[in-house]
1. Which value at 222 nm does the chain reach when only helices count, each DSSP H run of 4 or more adding -39,500 (n - 2.57), with the total divided by all residues and rounded to the nearest 500 deg cm²/dmol?
2. In debye, nearest 20, what is the charge dipole magnitude of the chain about its Cα centre with +1 on Lys and Arg Cβ and -1 on Asp and Glu Cβ, if you could check?
3. Got a sec? How would M353, M160 order by Cβ neighbour count within 10 Å, fewest to most?
4. For region 62-163, with only Lys/Arg (+1) and Asp/Glu (-1) charged at the beta-carbon, what is the dipole magnitude about the Cα centre, in debye rounded to 20?
5. Order 103-109, 209-215 from most to least packed using the mean count of other Cβ atoms within 10 Å.
6. With unit charges on the beta carbons (Lys and Arg positive, Asp and Glu negative) and the dipole taken about the Cα centre of region 110-185, which residue among G120, Q182, L151 sits farthest to the positive side?
7. Long-range amide H contacts for M74: which residues qualify at under 5 Å (H placed 1.01 Å from N, peptide plane, sequence gap of 5 or more or a different chain)?
8. Just how far, in whole angstrom, is region 34-84 from region 96-110 if you go by their alpha carbon centroids?
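Just so you know, all these numbers are worked out from the coordinates, no wet-lab data involved. Treat the numbers as computed from the prediction; the structure is a model and nothing was measured. Ideal geometry is used to build each Cβ from the backbone, glycine not excepted, and the neighbour counts take in all protein chains shown.
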Amino acid sequence: MNFTNLLELDELARPYIETAAYDFIAGGADDELTLGENRAAFSRWRLRPRYLVNVSKVDLATTVLGQQISFPVMVAPSAYHQLAHPDGELATARSAAALGTLMVVSTESNYAISEIAKQGAPLWFQLYLQEDPAISEMLIDRAVHAGAKALVLTIDLPEMGKRERDIRNSFDLPAGMILGNQTLSDRAVIPIAKQDAGDPPTKLWGNTVTWEIIPWLHARSGLPIVVKGVITGEDAVLAVQYGAAAIIVSNHGGRQLDSALATLDALPEVVDAVGGRLEVLLDGGVRRGTDVLKALALGARAVLLGRPIIYGLALGGEAGATRVLTILRDELERDMMLCGRTKVADVDASLVMNPGLRFALTPYHHRRACRCRARN
Ligand SMILES: Cc1cc2nc3c(=O)[nH]c(=O)nc-3n(C[C@H](O)[C@H](O)[C@H](O)COP(=O)(O)O)c2cc1C
């Protein structure tokens with residue numbers, strides 16, 4: 001488990017994961033353009049540090065939907081953690097708990113959310129709507145019973161992306177691998193009170209789902225709804241209108257629509273469209289403390305980590321995933337000091353500039369440009 005940063009993980013973890021499973025985890029859709037762009041977008045921004053600030057104490061704590069987290073990095077929902085380690089999501093949840101952060105549990109987790117919840121981390125539940133509404137309702141009930149604090153509706157998968165590595169490898173789950181949330185034998189869960197949600201808008205399940213599902217999910221679960229996969233201002237406005245509590249700017253780690261915008265490129269547009277009416281989070285390519293700073297400076301409240309957590313699991317189970325989160329937290333703390341910022345609220349648009357875009361993008365630079373013009 002000898003790694004010093006998150007960018008090394010991919011190659012280091014590779015020998016510990018079965019070849020086709022590694023490709024499933026590491027790969028993206030089509031030509032993997034978006035996969036690469038998610039990383040490249042971070043390198044287009046530069047930081048504007050301030051000095052002679054007392055940075056002897058740095059506080060990384062923040063909140064997401066009112067939940068306190070010790071630093072603005074959470075665990076993204078990803079399927080099948082047992083591909084990396086037998087302890088799967090139990091290990092992941094323990095590492096999130098150790099670092100004082102939140103884990104988003106995938107619909108496709110190997111362990112049931114009720115088991116994952118016992119590991120101590122606050123949880124959100126990521127929901128893939130199922131063709132059978134009864135199964136979707138069962139998933140929602142289970143999440144509520146397990147104490148999930150929000151439902152995360154993933155919207156960027158109306159159809160599977162064309163993941164060519166998986167096609168070539170004829171990738172399939174190992175025989176006997178269980179999806180913990182979907183074992184129908186455990187339907188014993190008592191349905192939650194329906195809270196006057198009425199019948200599900202049945203036409204809206206499966207790949208015919210439209211925005212009307214959001215108020216229904218909220219009424220059915222009583223939980224805040226987080227919409228994952230927004231990368232345009234237009235969809236951000238719809239998320240607000242339909243009552244979402246938060247957005248995750250995400251392109252599914254480049255695994256769905258290839259050539260979709262890099263998430264950091266999409267972030268300013270989404271933040272602008274939302275205008276503070278809901279919380280905006282981001283995932284995709286976050287690997288460095290400076291990446292976290294750039295996302296926060298452009299308006300994200302927190303970021304989520306996908307693949308590095310899985311690689312950490314492969315390298316050392318709970319200890320590996322804990323080390324991944326610890327490295328990123330320590331980098332962020334160091335980078336905050338180097339930038340003259342002592343708390344998360346200090347990280348605003350004045351911290352970043354994009355040499356390629358000059359004054360064009362951030363509200364801060366826009367205001368500055370206007371002031372300059374006014375003086376001339
Ligand atoms: C192996 C794997 C499985 C994933 N499974 C899910 C999933 O079940 N639900 C979901 O909403 N997103 C899923 N994602 C997408 C992640 O939540 C996240 O958007 C993405 O991994 C972030 O990019 P990063 O891996 O570069 O950090 C998955 C990603 C990977 C790599």
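1. Details: 13 runs with 145 residues, N = 376.
Only helices count here, giving -11500 deg cm²/dmol.
2. Values: 38 positive and 43 negative charges, 388 e Å.
So the magnitude is around 1860 debye.
3. Values: M353 19, M160 10.
Placing the least packed residue first, the sequence is M160, M353.
4. Working: 6 positive and 10 negative charges, 80 e Å.
So the dipole magnitude of region 62-163 works out to roughly 380 debye.
5. Going from most to least packed, we get 103-109, 209-215.
6. So the residue furthest toward the plus end is G120.
7. V303, L304, L305
8. If we compute the Cα centre of each part, the gap is 16 Å.
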